[in-house]
Amino acid sequence: MTHTEHRRVVAGIGPTGYRVPMLRWAAAEALARDAELSLVTAVPRGVTPEATSLADATARLADEYPGLALTTAAAGGAPADVLRHASAEADLLVVGADDGTPFAEAISGSVPGALLTTAPCPFAVVPHAGSHAGAGDPVVAAVDDAGVSQAALAYAFATADRSGRPLVLLHSRPPDAADRSLALTGFRGLYPAVRFTETVAPGDPRTTLADWSRTAALLILGSRRPTAPAFGSAQRTLLRHSACPVVITRPPTSAARPG
């Protein structure tokens with residue numbers, strides 16, 4: 001697949017409100033990519049687009065980030081459907097973490113949960129508090145399956161290169177030497193400035209990833225498959241409990257989109 005960079009970040013916001021930390025994280029990401037930021041909301045029945053929070057969010061960002069290219073869009077429909085459509089040709093889709101308990105999400109639905117395996121581009125979930133990242137905090141990529149890890153590796157190396165942060169490759173079990181060498185050779189050549197280390201962190205993946213999220217600038221995982229390996233099986237829990245933003249990359253056919 002030939003890589004096509006659209007230079008567009010989509011951020012989903014609620015029709016009557018939004019989280020400032022998520023908005024700021026999306027804006028900073030768009031600026032780092034020299035990309036347009038598109039604010040998108042799903043309009044409930046009986047609400048006009050003019051009554052949504054888009055205007056206020058746009059005004060805030062225009063004031064705080066004067067160099068940011070901004071667009072807005074409002075469409076009727078379920079939030080996850082609206083965001084899937086809006087991000088069909090985007091480089092990244094950003095949403096905020098859910099407010100509800102797992103029980104409430106089971107009743108009313110979860111936008112991050114609905115997008116976990118269906119978003120058409122890399123998909124970021126930003127926790128309520130936004131990012132706690134310090135200057136030296138690493139980008140952490142969970143790579144425990146060759147099939148889903150290529151996209152995660154591509155996104156992680158590109159992000160570490162763009163941000164100047166160190167990169168940690170996190171394995172749930174010791175990697176096969178041949179697979180590891182083949183996977184990393186190309187990325188070393190593309191991103192020679194990236195400093196990376198590898199570590200094995202066996203145990204409960206939910207605990208492992210939650211612990212790493214407390215000291216990471218960003219957690220990156222490959223898209224979950226029905227027969228998910230260890231880290232993949234923890235993704236839905238991580239979307240609720242991560243202390244840092246989480247990016248879920250796409251399957252192998254999207255690995256050429258580096259992030």
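Quick note: the coordinates plus some simple rules give every number you see, no bench work behind them. Remember, predicted model here, so these are calculated numbers, not experimental data. Here Cβ is always computed from backbone atoms with ideal geometry, including for glycine, and neighbour counts include all displayed protein chains.
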request  = Sticking with the crude label model, points 7 Å out along Cα→Cβ, report the distance from Asp56 to Ala69 in nm, one decimal please.
outcome  = 2.8
Two-site FRET efficiency, Val47 against Asp81, from Cβ-Cβ distance with R₀ of 25 Å, rounded to 0.05 = 0.90
